[in-house]
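The values are calculated or read from the model by the stated rules, or taken from the named source; none is laboratory data. Source: prediction; values computed, not measured. For neighbour counting, all protein chains shown are included, and Cβ atoms are generated from backbone atoms with ideal geometry for every residue, glycine included. The accessibility values were calculated without ligands, DNA or RNA, using every heavy atom of the protein model including side chains. Shrake-Rupley method; radii C 1.70, N 1.55, O 1.52, S 1.80 Å.
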Amino acid sequence: MMEILQSCLTLRSLGSLFALFIISVVVRGIYNVTLHPLAGFPGPRFRAAFALPGLWSTCKGNYVRDVWYAHKTYGDVVRIAPDAISFSSGSAWKDIYGLQGGKHQLAKDYKRFPDRPEAIILFGSNDEDHERIRRIISHGFTSSAVKQQEALVDGHIKKLMEQLGKHAGKKIDINHWFNVFTFDVISHLTFGESFNSLPTGQLHAFTADFLEKMKIFPIIYVSREYSIVNLLLKLMMAIPSVKKQQDEFFEATKARVEKRINQALPNQHDLMKYIMENNDEKGMNRQEIEGTTTVLLNAGGQETATCLSSTLFYLMRNSETLAQAQQDTKIDDFPYIGAAIKEALRIHPPVSGNIQRRTGQGGRMIDGWYIPPNTSVGVNQFAASHSASNFALPETFAPERWLPAASSNGFEADIKAAYQPFSIGPRNCIGKALALMIASRTLAELLQQFDVALQDDSKGWDERQTFNVGWDRPPLYVVLTPKA
Ligand code: HEM
């Protein structure tokens with residue numbers, strides 16, 4: 001009898017606890033839309049009240065498009081979560097990512113990073129560490145360094161063309177080949193030794209692992225919002241087999257750094273060479289070198305492959321743009337292909353999300369609005385690119401918008417400042433020139449050697465993609481025919 005009474009009491013206490021939890025969530029939601037410092041900002045009320053709708057949309061991979069729709073409804077400034085404001089105008093870029101008073105930059109949003117220090121280095125580091133590390137690695141990204149890297153890139157392009165030639169006339173997933181290719185190139189440029197996956201056509205284990213791991217990033221964002229999920233995640237990470245899997249990912253780059261440091265490769269112009277030549281006592285320690293090279297490899301390989309696949313996709317969808325790009329295969333000067341790459345980076349930016357920063361003490365003026373302290377802020381790249389206030393015919397793939405004649409072809413009023421696929425400011429993309437060099441040379445060679453045809457089952461390729469930290473790209477089926 002006593003036992004039944006006790007279990008009833010336990011059930012009642014659990015029920016009371018649950019009721020208390022629901023009440024606190026509702027009260028918090030009401031506060032968020034009424035008295036919270038961001039209460040006056042436009043945006044969907046449900047998102048302003050609770051973090052869950054935004055996180056749910058992130059977990060489903062719809063976050064980028066959902067925020068874009070919110071911008072369409074509410075304008076350039078939208079509250080997308082209780083503590084987050086999204087922007088889509090040209091002027092917001094410099095207010096968020098530029099230096100204020102010539103000195104202060106907004107901090108990266110701490111809610112966006114996992115706990116592992118290896119993942120924080122460079123991307124999430126404080127200003128002082130960031131400046132120190134960036135100063136050293138920037139030697140590997142100057143225009144003369146990129147020029148020297150052309151020969152190495154061309155070697156990999158040749159291997160890619162040979163492999164594609166073997167599959168001529170058959171339906172292939174070119175997106176897969178671009179993944180294999182870019183990670184071969186960037187690993188070679190980073191460590192002086194390529195993954196060498198092109199000969200087999202199989203993704204290197206590191207690349208496959210990385211592309212899989214990207215999918216779990218939304219869980220990290222959820223864990224940053226709810227301490228119970230954070231606790232569960234930490235417990236899961238402590239499971240020896242899960243920890244081993246995580247460690248193995250970073251071990252792969254550690255081993256490569258170790259090997260490269262002990263190797264003299266006088267004729268190589270890889271990034272490790274520039275790091276080793278310019279490292280001094282105030283420079284980078286071993287852990288920072290390992291973390292930074294991991295970031296370089298992942299950021300470089302994934303985004304450049306997205307750029308290649310999407311440029312080819314949009315060119316193939318329109319026979320006129322494809323014909324113009326095919327005319328444009330003079331060595332070292334590809335004006336139309338260059339414009340097509342720029343346009344693909346506008347219509348399908350590889351880093352499409354909000355690139356969040358946090359306002360510090362005193363808040364910040366952004367796009368004419370006062371944003372209170374500790375607010376997550378960011379330009380939604382996809383919304384900025386697709387906004388009719390920024391670009392004429394925003395949904396149309398029109399490479400000519402970037403050609404000199406744009407001043408007379410209807411694109412003269414485009415707000416170019418809204419287009420920042422590589423971001424701006426002290427933490428913008430260090431690999432911009434390298435990425436554009438790889439993409440233009442690869443596409444020029446491909447279009448010179450082959451006629452390309454998009455297959456029916458890939459016609460909605462762009463719309464089928466979901467986004468977490470990058471686009472999850474499905475197969476892009478094409479048939480290549482060697483030119484006579
Ligand atoms: C089309 C290709 C690429 C695009 C669109 C792109 C875009 C971006 C963007 C938007 C950022 C800023 C991220 C932030 O603030 O959180 C970034 C940062 C970065 N990117 Fe790229 N990227 C590309 C290719 C590359 C390549 C090829 C490399 C190097 C091999 C690279 C290395 C980096 C690094 C190291 C950072 C961090 C810079 C810092 O924090 O100082 N990226 N990239």
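Accessible surface of Phe183 in the full protein assembly, 1.4 angstrom probe, to the nearest 10 Å²?
Accessible surface of Phe183 is approximately 0 Å².
With a/c under 1.5 counting as rounded, go ahead and sort the chain into rounded, prolate or oblate using the C-alpha gyration tensor (a ≥ b ≥ c being the square roots of the eigenvalues; past the cut-off, prolate if a/b is larger than b/c, else oblate).
Numbers: a/c = 1.64, a/b = 1.39, b/c = 1.18.
Prolate.
Rounded to the nearest 500, what is the chain's calculated 222 nm mean residue ellipticity when only DSSP H runs of at least 4 contribute -39500 (n - 2.57) each, over all residues?
Computed ellipticity for the chain at 222 nm equals -17000 deg cm²/dmol.
Taking the Cβ-Cβ separation of Leu20 and Glu248 as r and a Förster radius of 51 Å, what is the calculated FRET efficiency to the nearest 0.05?
In this case the efficiency is close to 0.75.
What net charge do the residues around Lys166 carry, taking every other residue with its C-beta under 15 Å from that of Lys166, with Lys and Arg at +1 and Asp and Glu at -1?
Around Lys166, the charge tally is +2.
Which net charge results when you count Lys and Arg as +1 and Asp and Glu as -1 among the other residues whose beta-carbon is under 10 Å from that of Gly425?
Numbers: positive: Lys94, Arg357, Arg427; negative: none.
That sum, taken over residues with Cβ under 10 Å, equals +3.
Using 25 Å as the Cα-Cα cut-off, could you pick out the over-long pairs in Lys111/Lys243; Lys170/Lys215; Lys111/Lys234; Lys432/Lys483; Lys243/Lys273? If you can, show how the numbers build up before the last one.
On the way: Lys111/Lys243 21 Å; Lys170/Lys215 30 Å; Lys111/Lys234 15 Å; Lys432/Lys483 31 Å; Lys243/Lys273 31 Å.
Beyond 25 Å: Lys170/Lys215; Lys432/Lys483; Lys243/Lys273.
Taking Cα pairs under 8 Å and at least six residues apart, what relative contact order does the chain come out at, in percent?
24 percent
Among Asp154, Asp333, what's the order by accessible area (1.4 angstrom probe), most exposed first?
Asp333, Asp154
For the chain, the longest stretch holding no GluC sites (Glu not before Pro) located in a DSSP loop with at most 11 other Cβ atoms within 10 Å is which?
My reading of the result: 1-280 is the longest stretch.
Per the 1.4 Å probe, what fraction of the accessible area of the chain, in percent, lies on carbon and sulfur atoms? If you can, show how the numbers build up before the last one.
Numbers: 13330 of 22280 Å².
Within the chain, the accessible surface is 60 percent carbon and sulfur.
Find me the longest stretch of the chain that has none of the exposed trypsin sites (Lys or Arg not before Pro), where exposed means in a DSSP loop (not H, G, I, E or B) with at most 13 other Cβ atoms within 10 Å.
Result for the longest clean stretch: 331-463.
For Leu235, what accessible surface area do you get with a 1.4 Å probe? Give it in Å², rounded to 10.
110 Å²
Quick one: Cα centre-to-centre distance for the stretch 403-475 and the stretch 123-180, in angstrom?
15 Å
Determine the sum of side-chain charges near Leu454: Lys and Arg each +1, Asp and Glu each -1, restricted to other residues whose C-beta is under 15 angstrom from that of Leu454.
Here the charged neighbours net out to -1.
Scan the chain and note any complete DSSP helix (H) whose C-alpha atoms cover at least 24 Å along its axis and whose Kyte-Doolittle average is -1.0 or more. Working shown, then result.
Numbers: long enough: 2-34 (48 Å, 1.31); 143-166 (35 Å, -0.52); 174-191 (25 Å, 0.69); 240-261 (30 Å, -1.21); 286-317 (46 Å, 0.01); 432-449 (26 Å, 0.68).
Helices meeting the span and hydropathy rule in the chain are 2-34, 143-166, 174-191, 286-317, 432-449.
So, in nm, how far is label Lys459 from label Lys60 when the simple model puts each one 7 Å beyond its Cα toward the Cβ?
2.6 nm
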